[in-house]
Each structure stands twice: as C-alpha cells, then as structure tokens.
Amino acid sequence: MPLVSMRQLLDEAAKGGYGVGAFNVNDMEQIQAIMMAAKETKSPVIVQASRGARQFAEDLYLFRLIQAAAELNPEIPIAMHQDHGNSYETCKSAIELGYTSVMMDGSLKEDGKTPSTFEENVEVTRKVVEYAHARGVTVEGEIGVLGGVEDGHGAGGTGLEHITDPDQAVEFAERTGVDALAIAIGTSHGAYKFTKKPDGSVLKMDVLIAIHKRLPHTHLVMHGSSSVPKDLQDIVNQYGGKLKQTWGVPVEEIQLGIRNGVRKINVDTDNRLAITGAIRKVFAETPEKFDPRDYLKPAREAMKKVVALRMTQFGQAGHAGDYKPMAITEIAKGYANGTLDTRPSMAATR
Ligand SMILES: [Zn+2]
C-alpha cells in the first residue's frame, strides 16, 4: 500500500472516536517495532521523523525504510510525517521526498528556539498549507509554545509560559487552513515533564476542551504526551542508569483528550526509555556479549510492547481495515474543491 494521507487517517479516527499514536523513528529497529505492533493490534499508524532524525539517518535511508514498511504491511495504513518542521524549506523537502504529512511549527522562529509572533506563525504556516494541499499533503500547525527541548528543538521552560489562547487558535485555523493543530496545554518535550502526577494546575485539559468546542473540524494534536511510566524508568535505573524520577501525561488524561477532539498523540520518550532499559539489561546481565543483535532484538521487542499498549489505549487498535486508503491525488482534489476545507467559516457552511 502506498503511504496514506494523514488527513484521511485523522478524519477516520474522528468518525470512529479514537486517537492515533504518532511514533518517532531514527532507525530500522524502531520502524520495525512500530510495524510489529501495528500488525499485532491491526492499527493504522503515523510514523514521524524530526529534523534531527532525518539528519541522523540521512533522508534517503529513512524514507526507503518507511517505503519498505508500507510494502511489507499492505494491510496497515501508514502516514509518514515530518515532526516539527522549522521552515517552509524543511516542509517542502519532506514533501519532495514523499512524506504524506508535515508539521510546520511556526510557533518558534527558524532557529527552533525563539518564540515567534502570531503574524509570523500565520504567514509561514499558510505558505506551507498552500504548497502541501496542492499536492494532497496534510499540514499540522502549532499555536502556543510547548515546554522543554528535544532534539535541540524547543523553547525550554515548563510549558505553562505560553498556553494556547482559544480565540487565537480559532483565528489561526481560519487564516491558515491547517488540517491539524498542536496546542500548548502545559505539556513539555523530553522525559522531565512534571515534578509530580499532573493535575489541572499544570495540565490544562479545560483549555483543550474549550478549543475543541470552538474548532470541531480541526484535529487536535497532543505533543510531549509520553506517559513516562515508572516501570520503564526503573528498568533503566536498575541497570546503571541515572534518571531523576519524573511524571509524564497520564494515559487517562490522553483518553479524556481523545473524547474531546484529540486525534494525534505524539509519543517518543516512552520508546526511548524502553529501548535504553532493554539494552542496559543485556549489558549488565551478560557483559560478555558483543553482537549488536543480542541487545537490539530485545530493544526492538521492548519498544514494540510499549507501542502496542499505546495503540490499544488510544483506541486505534482494530481499525486498520475500516477504510480504503485514497490516493494522494484524490486528496489534493478534495482540497481544491473545498470538501476538505476545515476553516471555521467554510466548514460551517457545509
Ligand atoms: Zn512535539
């Protein structure tokens, strides 16, 4: 099966009332782990690569691996997504490679660190939407600024400094026409999200619900949404790691989000922890081993387990065969004739 439009995956998720995990990849084993989990749970899936991942793996290696995943798993709809594009050029290069979705993160300037102005964000995002939609490619934007730093990307901070304003979210959706919108509700990138189990003072689910009420046709995206479970932290530390105890986003909060318009949930940290824990265990228990397969295989298996669990918790499990993927050229027609227009003023007239 060719790679599928992320918009179609998310529209179907909205119809079915479930969320779709977007899992980050840098190498073959991570892609295999995701596909093993998707196959086992019969899940449609979003695979995503950050700028750092594209650099690490080199564009062509990574993209050919995704194509292999699609070819080997024809029953699984797969969307390939650029995570946190920092500029029009980054998004354009992903689309030229064959990615079926891009994130234009215009909440930060091109350096990926400094918060931008609202007008700058609208301008660059609208430009990416024009280029992408003409080619049937999905666009995710971001309004408000997330906390933390990951892969050198992020403004830092706790995530509470720039919570998304619902009025601005509506104006942003209207002026850009994005398919999906990442919002800042107190979450952060990386492992250190919260210093205790988060409550409403640090994780603003009420803001998310308010935005969904105003923007029912724009798919919401939760970033920094690893749950950072204690058992995964413990395995790393048990075998010589030195992680400070930390709290992520509880799965039940993500599920509340899914009941309120969240269709894409980004997960990276949990998989990193699972991989690192499994490798450390092999190194600690059998220091005589030196064949990379001796630790990469358990690492891949550990990541697969986490991904399969999230797929079940997000509700995407069992939905791989629900629909027939549309050609990306058909999706482009839908943007051109207005049937896929999500701008509040247009969607209201349908
Ligand atoms: Zn993110």
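The values are calculated or read from the model by the stated rules, or taken from the named source; none is laboratory data. As the structure is a prediction and not an experimental result, all values here were calculated from the model. Heads up, the Cβs are rebuilt from the backbone with ideal geometry, glycines too, and the neighbour counts pull from every protein chain shown. For the accessible areas, the whole protein counts, side chains as well, though only heavy atoms, and no ligand, DNA or RNA atoms are used. Shrake-Rupley method; radii C 1.70, N 1.55, O 1.52, S 1.80 Å.
Here is how the numbers come out for the structure above:
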item: Flag if Ile258 is without any contact (Cβ under 8 Å) to a residue 40 or more places away in the chain and of a type in the set (Val, Ile, Thr); result: no
item: Of the criteria (1) open to solvent by 70 Å² or more (accessible area, probe 1.4 Å); (2) touching a strand residue (DSSP E or B) at 6+ places or on another chain (Cβ under 6 Å); (3) at pLDDT 95 or above, which one Thr138 fails; result: (1)
item: Scan of the range 159-195 for residues that are open to solvent by 50 Å² or more (accessible area, probe 1.4 Å) and assigned to a helix (DSSP H, G or I), ordered by number; result: Asp167, Gln168, Glu171, Glu174, Arg175
item: Number of the condition not met by Lys324 [criteria: (1) closer than 22 Å to Glu29 by Cβ; (2) of a type outside the set (Phe, Trp, Tyr); (3) open to solvent by 30 Å² or more (accessible area, probe 1.4 Å)]; result: (1)
item: Selected residue (only one of Phe63, Phe56, Phe23 is at pLDDT 95 or above and within 15 Å of the chain's Cα centre (by Cα)); result: Phe23
item: Cβ pairs under 6 Å, 6+ apart, first in the range 292-314 and modelled with pLDDT of 95 or more, second surrounded by fewer than 17 Cβ atoms within 10 Å (Cβ to Cβ); result: Ala308/Glu40; Gln313/Val251
item: Yes/no for Val128 being in contact with an Asp or Glu (Cβ under 9 Å, 6 or more places away or on another chain) and modelled with pLDDT of 95 or more; result: no
item: Residues that are polar (S, T, N, Q) and either within 30 Å of Arg343 (Cβ to Cβ) or over 21 Å from the mean Cα position of the chain (by Cα) (or both), drawn from the range 199-245; result: Ser201, Thr218, Ser225, Gln233, Asn237, Gln238, Gln245
item: In the range 58-82, the residues that are surrounded by fewer than 20 Cβ atoms within 10 Å (Cβ to Cβ) and over 14 Å from Met35 (Cβ atoms); result: Glu58, Asp59, Leu60, Tyr61, Phe63, Arg64
